[in-house]
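Asks: The structure follows.
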Amino acid sequence: LLAQFRHIVRNFTEVLTFQELSEKEIESSVTIHGLDRYEKVVASGKGAVLITGHYGNWELLQVVAGIRGTPIHVLGRDQKHPRLNEILMLQRESHGSVAVSRGMNIRFLLKALKEGKLVGVLGDQSAGREGGILLPFFGRVTTIPIGSFELARRMDSYVLPCFMARDHERKHSIYVEEPIS
């Protein structure tokens, strides 16, 4: 439990420093595995839905993409406290990424994909009782959201699974998997 608390505090303090991060700092603290897959999808011009989960410092993915010159339109949930929400949005958008609140017009994400841009979503959230599909997960049945796959299918874009893991203190690895067309 203490290790999990430390991890959450590290993530949060890193998020608060996003504005000050430079390309040099990112290069020295983040290793990207499968970068060729990412670059190939970006070069295709078809756009992609980057799907990740609440693992490592997932918020840092959009900063790395922005610093690399390929900002992401990131779908996220507004926080309950307006001031905290404002701070998070400022940090998330500090290197060119665009924060898209849930409930905003889906056309915004469709337009981004049509323009060959990247859309980021967290795919490990419950789809609720009425949404998604039912799948077994660690011995229990849960709902899996399918919206990101529907977006990609509708726009003939890729789904690009990726995740970030903390290697040590301020060192991270991004793992980019094979794109799904």
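Asks: Hey, can you tell me all the residues within segment 30-80 that are part of a helix (DSSP H, G or I), open to solvent by less than 30 Å² (accessible area, probe 1.4 Å) and under 15 Å from H172 (Cα atoms)?
Replies: L60, L61, Q62, V63, V64, A65
Asks: Okay, moving on. Could you check segment 81-100 and list, in sequence order, the residues that are in a helix (DSSP H, G or I), of a type in the set (V, I, T) and surrounded by 18 or more Cβ atoms within 10 Å (Cβ to Cβ)?
Replies: none
Asks: Look at Q125 and say whether it is more than 22 Å from K46 (Cβ to Cβ) and at pLDDT below 85.
Replies: Yes; evaluated as a whole, the condition is true for this residue.
Asks: Looking only at segment 142-167, count how many residues are at negative phi and either among the charged types (D, E, K, R) or without any contact (Cβ under 8 Å) to a residue 12 or more places away in the chain (or both).
Replies: 5
Asks: Do we find that M89 is farther than 16 Å from V49 by Cβ and touching a Phe, Trp or Tyr at 6+ places or on another chain (Cβ under 7 Å) in this structure?
Replies: Working: farther than 16 Å from V49 by Cβ: yes; touching a Phe, Trp or Tyr at 6+ places or on another chain (Cβ under 7 Å): no.
For M89, the condition - farther than 16 Å from V49 by Cβ and touching a Phe, Trp or Tyr at 6+ places or on another chain (Cβ under 7 Å) - is not met.
Asks: So how many residues does segment 101-120 have that are open to solvent by 30 Å² or more (accessible area, probe 1.4 Å) and part of a loop (DSSP other than H, G, I, E, B)?
Replies: Narrowing segment 101-120 to residues open to solvent by 30 Å² or more (accessible area, probe 1.4 Å): 102-108, 111, 114-115, 117.
Now drop any that are not part of a loop (DSSP other than H, G, I, E, B), which leaves 102-105, 115, 117.
Going through segment 101-120 one residue at a time, the tally reaches 6.
Asks: How about segment 1-29: which of its residues are in contact (Cβ under 8 Å) with a residue 12 or more places away in the chain, open to solvent by less than 100 Å² (accessible area, probe 1.4 Å) and of a type outside the set (S, T, Y)?
Replies: Within segment 1-29, H7, R10, N11, E14, V15, L16, F18, Q19, L21, I26 qualify.
Asks: Could you tell me whether any residue of segment 95-102 is hydroxyl-bearing (S, T, Y), modelled with pLDDT under 95 and under 15 Å from the mean Cα position of the chain (by Cα)?
Replies: Of all residues in segment 95-102, those hydroxyl-bearing (S, T, Y) come to 97, 101.
Then keep just the ones that are modelled with pLDDT under 95; that gives 97, 101.
This time we only want the ones that are under 15 Å from the mean Cα position of the chain (by Cα), so: 97, 101.
Checking segment 95-102: at least one residue is hydroxyl-bearing (S, T, Y), modelled with pLDDT under 95 and under 15 Å from the mean Cα position of the chain (by Cα).
Asks: Something else about it: Sort out which residues of segment 136-181 are modelled with pLDDT under 95, within 28 Å of G45 (Cβ to Cβ), surrounded by fewer than 18 Cβ atoms within 10 Å (Cβ to Cβ) and among the polar types (S, T, N, Q), and write them in order of number.
Replies: S181, the sole residue that qualifies.
Asks: Now for a different question. Quick one: which residue in Q62, Q79 is more than 14 Å from the chain's Cα centre (by Cα) and more than 19 Å from I180 (Cβ to Cβ)?
Replies: It is Q79.
Asks: Which one is nearest to L88 (Cα to Cα) among residues in segment 15-40 that are of a type in the set (A, V, I, L, M) and modelled with pLDDT of 95 or more? Full working, then the answer.
Replies: Step one: list which residues in segment 15-40 are of a type in the set (A, V, I, L, M), which gives 15-16, 21, 26, 30, 32, 35.
Next cut, modelled with pLDDT of 95 or more only: 30, 32, 35.
On the way: V30: 21, I32: 24, L35: 27 Å.
Once the filter is applied, the top-ranked residue is V30.
The values are calculated or read from the model by the stated rules, or taken from the named source; none is laboratory data. What you see is a predicted model, and the numbers here were worked out from it, not measured in a lab. FYI the Cβ positions are ideal-geometry reconstructions off the backbone, even for glycines, and counts take in every protein chain you see. The protein model used for the area step is the full one, side chains on, heavy atoms only, and it has no ligands, DNA or RNA in it. Shrake-Rupley method; radii C 1.70, N 1.55, O 1.52, S 1.80 Å.
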